[in-house]
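Report on one structure; see the data block that follows.
The values are calculated or read from the model by the stated rules, or taken from the named source; none is laboratory data. All values reported here derive from a predicted model rather than from experimental measurement. Using ideal geometry, Cβ is built from the backbone for each residue, glycine included, and neighbour counts are taken over all protein chains shown. Ligands, DNA and RNA are excluded from the accessible area calculation, which covers all protein heavy atoms including side chains. Shrake-Rupley method; radii C 1.70, N 1.55, O 1.52, S 1.80 Å.
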Amino acid sequence: MDAFTILEQCRGGHTPSVKETETLLSCKDPGFEEELFSAASKAREDRFGNRLFIYGFVYFSTFCRNECSFCYYHRTNNIPRYRKSREEVVDLSCRLRDSGVNMVDLTMGEDPQLYSDGCKELIETVRSVRDSIDIGIMVSPGAVPRPVMKELRSAGADWFACYQETYSRDLFGKLRVGQDYQNRIDQRIWAKEAGMLTEDGMLVGAGETVADRAEQIHLMGGSGCQQIRAMTFVPQCGTPMQAVVPHGPEDELRAIAVMRLSYPDLLIPASLDVEGVSGLRARIAAGANVITSIVPPNEELAGVAQPDLDIDDGHRSVDYVRRMISDMGMAAASNNEFREFMEHHRPEASE
Ligand code: SAM
Ligand code: MD0
Ligand code: SF4
């Protein structure tokens, strides 16, 4: 079946098969992309109106024991690193709350210091943040031991993010060198069992095929995660993948649109960490309904894929993105709206 016919069926509520997804991801016919994005925007509007959720990003430790070949914070990369104290993380989270984000995403490398003693410092950090703010809390700590999940939940974490990057085992081995594929899948299962909402994600332009991408969209969308994302790989100095030719945003935008059409109820981020604010409009126009990676300026905080882009000029701020989205007829959702989403979708703890 041709891409236009599949798209027409999707408009009527059809979930495309993997093969059909591949067709949607690869059709180069004139006018197709415009129709795809407009159908995806319509699907978002039907579910979420003109509302977008906004998340703050606190990358509180850039130390890491892992050697992901795509990552700037790769263990052997000789770069300056930092670890924020518990008090600093609380302060930053309060500032982000005051600036108007719906959630803070507490992210770290697999820092041995935060992992020691059953991830005690991580858990206590979450608890201190929970005691100080009443907006959403997401944790993105990497792959933690199973018992830690329950503790993160009872310390106050609402969400657990852990991206598989790819569902090709072969490519996974090349990207997340030395890490266990199944253990990373299990993270989201265990987090869900502990009563947390979960996020999965794919890297785009990191060596996958279009068929891999189509399959991954299905696996992520059907896995019970409430949020799924695609981020274009940004080559990083000092890493094994530094010489890879950077991919444009086109394939990520297609992935966002197809995810929206296939899984209209899910949260799908437009990350400021790939192209900064200049890439926001296109991601929203492709069907994203969350803006992630708001980072407070002048705090020596880093992004992941774009360690400093748009941060110290204050462009990765709620005020700035609110202005941008209002030009598109969109508005920031309230904390109550976000809370409602969480309450409605939070998995029941099963153990
Ligand atoms: N360390 C934790 C982990 O790996 O799960 C959490 C933080 S990690 C830095 C968050 C995500 O950022 C990764 O899973 C990956 O998808 C993305 N990321 C890292 N480096 C990137 C790059 N160079 N380009 C695009 N995305 C990247
Ligand atoms: C982002 N820089 O949202 C963040 C990060 C981790 N949960 C999120 C990749 O783009
Ligand atoms: Fe460490 Fe996460 Fe970077 Fe991998 S992606 S090297 S686990 S910070």
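Take every Cα pair under 8 Å in the chain that's 6+ residues apart, average their separations, divide by the length, and report that relative contact order as a whole percent. Walk me through the numbers on the way to the answer.
Details: 668 pairs, mean separation 81.0, N = 351.
Reported relative contact order: 23 percent.
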Requested in this report: Enter the Cα centre distance for the pair the range 277-298 and the range 101-175, rounded to the nearest angstrom.
Outcome: 22 Å
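Counting only C-alpha contacts under 8 Å and six or more residues apart, can you give the relative contact order of the range 1-112 as a whole percent? If you can, show how the numbers build up before the last one.
Values: 107 pairs, mean separation 32.3, N = 112.
Dividing the mean separation by the residue count of the range 1-112 yields 29 percent.
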Report summary line: Karplus-derived 3J(HN,Hα) from phi for the range 203-215 (6.51 cos²θ - 1.76 cosθ + 1.60, θ = phi - 60°), whole Hz, x at Gly and Pro, runs 8, 10, x, 10, x, 7, 9, 5, 5, 4, 5, 4, 5
Query - Fraction of antiparallel bridges per DSSP, the chain only, in percent to nearest 5 - result: 10 percent
**Report entry** Lys, Arg +1 and Asp, Glu -1 on Cβ, resulting dipole of the range 228-306 about Cα centre, debye, nearest 20
**Finding:** 240 debye
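Let me know the Kirkwood hydrodynamic radius for the range 219-313, please, with Cα pairs as the basis and the value in Å to one decimal.
The Cα-based Kirkwood calculation yields 14.3 Å.
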Requested in this report: Enumerate cysteines in the chain without a disulfide-compatible partner, where compatibility requires another Cys Cβ under 4.7 angstrom.
Outcome: Cys10, Cys27, Cys64, Cys94, Cys119, Cys162, Cys225, Cys237
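Sort 160-172, 102-114 by the packing proxy (mean of other Cβ within 10 Å over each peptide's residues), most packed first. Mind showing how you got there, number by number?
Numbers: 160-172: 19.7, 102-114: 22.1.
My ranking of the peptides, most packed first, is 102-114, 160-172.
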**Report entry** Under the Karplus curve 6.51 cos²θ - 1.76 cosθ + 1.60, θ = phi - 60°, whole-Hz ³J(HN,Hα) for the range 251-265, x wherever Gly or Pro sits
**Finding:** 5, 5, 4, 4, 5, 4, 5, 6, 4, 4, 5, 7, 10, x, 8
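Distance check, please: which entries in Lys84/Lys150; Lys120/Lys150; Lys84/Lys120 exceed 22 angstrom between their Cα atoms? Numbers along the way, then the final one.
Values: Lys84/Lys150 24 Å; Lys120/Lys150 13 Å; Lys84/Lys120 15 Å.
Check vs 22 Å cut-off fails for Lys84/Lys150.
Which translational diffusion coefficient, to the nearest whole µm²/s, is obtained for the range 168-243 from the Stokes-Einstein equation, given a Kirkwood hydrodynamic radius over C-alpha pairs, 4 °C and 1.567 mPa s?
Working: Rh = 13.7 Å.
For these conditions, the coefficient is 95 µm²/s.
Round to a whole number: what % of the accessible area of the range 86-167 belongs to carbon and sulfur, probe 1.4 Å? Walk me through the numbers before you get to the answer.
Values: 1310 of 2840 Å².
Accessible surface attributable to carbon and sulfur in the range 86-167 totals 46 percent.
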Report summary line: Taking alpha-carbon centroids only, the range 180-218 lies from the range 329-351 a number of Å equal to 21 Å
Requested in this report: As a check on your grasp of the helix formula, calculate [θ] at 222 nm for the chain: sum -39500 (n - 2.57) over DSSP H runs of n ≥ 4, divide by the residue count, round to the nearest 500.
Outcome: -13500 deg cm²/dmol
Report summary line: One computes Rg over Rh for the chain from alpha-carbon atoms, with the Kirkwood Rh, and obtains 0.94
Query raised in the report: Per residue, how much accessible area does the chain show when a 1.4 Å probe rolls over the protein heavy atoms, in square angstrom?
Result: 40 Å²
Requested in this report: Using label points projected 7 Å from each Cα along Cα→Cβ, tell me how many nm separate Glu67 and Asp29, to one decimal.
Outcome: 4.8 nm
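Quick one: length gained pulling Glu124 to Ser17 fully straight, 0.36 nm per residue minus the C-alpha distance?
Values: separation 107, 0.36 × 107 = 38.52 nm, distance 4.37 nm.
That pair, Glu124 and Ser17, stretches by 34.2 nm at full extension.
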Report summary line: Calc'd 3J(HN,Hα), the range 82-97, phi into Karplus 6.51 cos²θ - 1.76 cosθ + 1.60 (θ = phi - 60°), Hz, glycine/Pro = x, comes to 9, 9, 7, 6, 4, 4, 5, 5, 5, 4, 5, 5, 5, 4, 5, 4
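Could you work out the relative contact order of the range 106-259, using alpha carbon pairs under 8 angstrom and six or more residues apart, expressed as a whole percent?
Values: 212 pairs, mean separation 27.6, N = 154.
Normalised by residue count, the contact order of the range 106-259 is 18 percent.
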Report summary line: Protection proxy (average C-beta count within 10 Å per residue), highest first, orders 316-322, 229-235 as 229-235, 316-322
Report summary line: Non-local residues with an amide H under 5 Å from the amide H of Ala302, with H modelled 1.01 Å from N and Pro and chain starts lacking one, are Tyr59
Report task. Name the shape class, rounded, prolate or oblate, that the alpha-carbon gyration tensor gives for the range 154-301, where a ≥ b ≥ c are the square roots of its eigenvalues, rounded holds for a/c under 1.5, and otherwise prolate holds if a/b is larger than b/c and oblate otherwise. Result -> rounded
Report summary line: For Thr198, other-chain or 5+-apart residues with amide H closer than 5 Å (H placed, Pro excluded) are Phe160, Gln226, Gln227
Requested in this report: State the answer as a single residue: which of Ser271, His247, Gly329 lies farthest towards the positive end of the charge dipole of the range 239-351, with beta carbon charges of +1 for Lys and Arg and -1 for Asp and Glu, about the Cα centre.
Outcome: Gly329
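For the range 1-48, report the translational diffusion coefficient in µm²/s to the nearest whole number, using Stokes-Einstein at 37 °C, 0.692 mPa s, and a Kirkwood Rh over Cα pairs.
Values: Rh = 10.9 Å.
Value of D from the Cα-based Kirkwood radius: 301 µm²/s.
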**Report entry** Residues with amide H under 5 Å from that of Ala270, placed H, sequence gap 5 or more
**Finding:** Asn289, Val290, Ile291, Thr292
Report summary line: In the range 180-320 the accessible area split gives carbon plus sulfur, as whole percent at 1.4 Å, a share of 53 percent
Report summary line: Cross-link reach from Lys174 to lysines, straight Cα distance under 29 Å and at least 8 residues apart if same chain, gives Lys19, Lys192
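Quick check on the range 1-149: of the DSSP beta bridges with both residues there, what percent are antiparallel, nearest 5%?
On the way: 1 of 12 bridges.
Roughly 10 percent of the DSSP beta bridges within the range 1-149 come out antiparallel.
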